[in-house]
Structures are given as C-alpha cells and as structure tokens.
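Comments concern the structure below.
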Amino acid sequence: MKAKSLPLGLVATLACACTLQAVTITNPGFEDASLNNDNRFSESLPTGWSELTGDTNRTVVQWNSTTIGIPSGMNGNSVLILDQRDFAGGAYQNIGTIADDSIYEFTVTIGDRTNQPLHDGFEFGLYTTDSSLADTALAVRGFADYAPTDSSTIANFSWDSTGSPFVGNDLIVVFKTVTTTGDFSTTRQVVFDDVDVTVSVIPEPSAFALLAAGCAFGFAGVRRRRG
C-alpha cells in the first residue's frame with residue numbers, strides 16, 4: 001500500500017505553527033580545562049559566566065570527580081558550586097533579548113555535595129534587568145522546589161513572555177545564594193551543570209486561522225483522491 005503524503009501547503013503550515021529553537025548559552029556546562037586532581041577548584045568563573053555579587057570564593061567551579069563528593073549524573077570536566085557559609089554570591093550570563101509571544105523553557109542538572117548538610121538558601125532561573133542587574137525574576141526556582149540530593153536531578157520549568165512588560169529587555173540566566181548561615185565549620189553547597197534554554201514562538205491568531213484553512217484544504221484533497 002502506498003503511503004499518502006500531506007499536501008505541501010499543509011506541511012508548511014504545520015511547520016510554521018510552532019517553532020522551537022535553542023537559545024545560545026556560552027559554556028553551559030561550566031567547563032574549565034585547567035582543573036584536575038592537582039588543581040581541583042577555581043575562584044574565577046569560566047568562559048561565558050560572570051560573578052553576580054559577593055565574595056568569589058563562595059561561587060566556584062569545581063573539578064568533576066566523585067572523590068570530592070560531586071553528585072552522580074554531572075557531566076564534563078567541571079561543575080558550578082554555590083556555597084552558603086558567609087557571602088551571598090552567584091553567577092550570571094546574558095543570553096539575549098526577550099521576545100514577545102514566546103515560551104522559554106529552562107533546564108539544568110542540580111545536586112548536593114555528598115554527605116554534607118543541604119544548601120537551603122539558593123535560587124536559579126531566568127531574570128531580566130530592572131534598576132539593577134538581574135533584579136527582576138521571571139521564572140525562578142529554589143530549595144523548596146528542587147531540594148538537592150546526592151544523586152543529581154533535572155530541574156525543568158518555563159516562562160511565557162506574552163504581554164510581559166519586559167519584552168525587549170535582556171534575558172539573563174542566574175544562579176545565586178540568597179541566604180547565608182555564617183557557620184564556617186559546616187559546608188553547605190549546591191551543584192549545577194548542563195544549563196539549557198529553549199524558546200518556542202506562540203503562533204499569532206492569524207497563524208491558527210491559516211492552520212485551520214490548511215487542514216481543511218488537505219482533508220478536502222485527500223477526500224477527492226479517495227473519491
């Protein structure tokens with residue numbers, strides 16, 4: 001039996017109705033090739049990432065090795081670690097401009113340093129600029145949403161920009177510590193790796209009308225061939 005193909009116009013209409021594309025993130029895995037068994041961590045953030053605020057010693061890139069308690073499931077040579085002991089700090093990256101009528105989906109791998117108390121004062125996600133850098137949260141999660149474990153998990157959530165007053169502003173990925181313990185004797189660290197952001201454009205009403213017309217045209221053509 002010969003497979004029936006959809007009319008070319010209908011195929012094009014379906015393809016245009018929903019467009020999914022990746023947003024470019026420089027160094028999404030926080031890779032630092034200089035790290036190894038003799039040089040296990042860096043107080044300087046790797047290519048593509050900038051220090052948000054606070055003491056850089058509390059936002060570090062750590063060599064990815066299970067011998068130092070990195071949770072399983074992390075990839076590559078290194079990971080991002082936020083520390084909760086004293087200074088609030090974080091890492092950020094500007095990944096472009098917010099477009100209207102779009103759904104931004106955020107994904108990252110998250111975990112806890114093995115056999116250590118949980119870091120319970122962190123936030124991460126999508127922010128934008130306001131009166132200060134990364135001042136306004138668009139879609140943010142934290143400890144209450146994704147309590148880290150010794151085995152890594154995938155955090156995934158989205159934000160719809162339709163009608164947002166921030167359309168045209170910078171879109172910024174942020175990882176930060178928001179509360180500190182002041183306890184230097186106990187290490188509380190959360191680990192991140194493999195950041196990903198995609199955007200899908202929500203079709204305009206006219207596109208839905210075109211889709212409906214295309215479907216009607218396609219089905220009519222199929223019925224004529226059958227007749």
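The values are calculated or read from the model by the stated rules, or taken from the named source; none is laboratory data. Not measured: the values here are computed from a predicted model. Neighbour counts run over all protein chains shown; Cβ positions are idealised from the backbone, glycine included.
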Sole exception among (1) among the charged types (D, E, K, R); (2) in contact with a strand residue (DSSP E or B) (Cβ under 9 Å, 6 or more places away or on another chain); (3) more than 16 Å from residue 176 (Cβ to Cβ) for residue 100, by number: (2)
Test: residue in region 106-121 that is in contact with a strand residue (DSSP E or B) (Cβ under 8 Å, 6 or more places away or on another chain), among the acidic types (Asp, Glu) and surrounded by fewer than 19 Cβ atoms within 10 Å (Cβ to Cβ): no
Strands (runs of 3 or more DSSP E) completely within region 111-210 that count 3 or more residues being within 19 Å of the chain's Cα centre (by Cα) and modelled with pLDDT under 80: none
Total residues in region 56-66, condition touching a Phe, Trp or Tyr at 6+ places or on another chain (Cβ under 7 Å) and modelled with pLDDT under 85: 2
Matching residues, region 101-157, being hydroxyl-bearing (Ser, Thr, Tyr) and over 18 Å from residue 79 (Cβ atoms): 102, 104, 127, 128, 129, 131, 132, 136
Residue in region 147-160 that is in contact with an Asp or Glu (Cβ under 6 Å, 6 or more places away or on another chain), crowded, with 16+ Cβ neighbours inside 10 Å and under 30 Å from residue 69 (Cα atoms) present: yes
Given (1) at pLDDT below 85; (2) closer than 22 Å to residue 173 by Cα, number of the condition residue 69 does not satisfy: (2)
Cβ-Cβ under 6 Å pairs, at least 6 apart or on other chains, region 176-198 side under 19 Å from residue 62 (Cβ atoms) and buried (at least 23 other Cβ atoms within 10 Å of the Cβ), far side at pLDDT 95 or above and hydroxyl-bearing (Ser, Thr, Tyr): 193/109
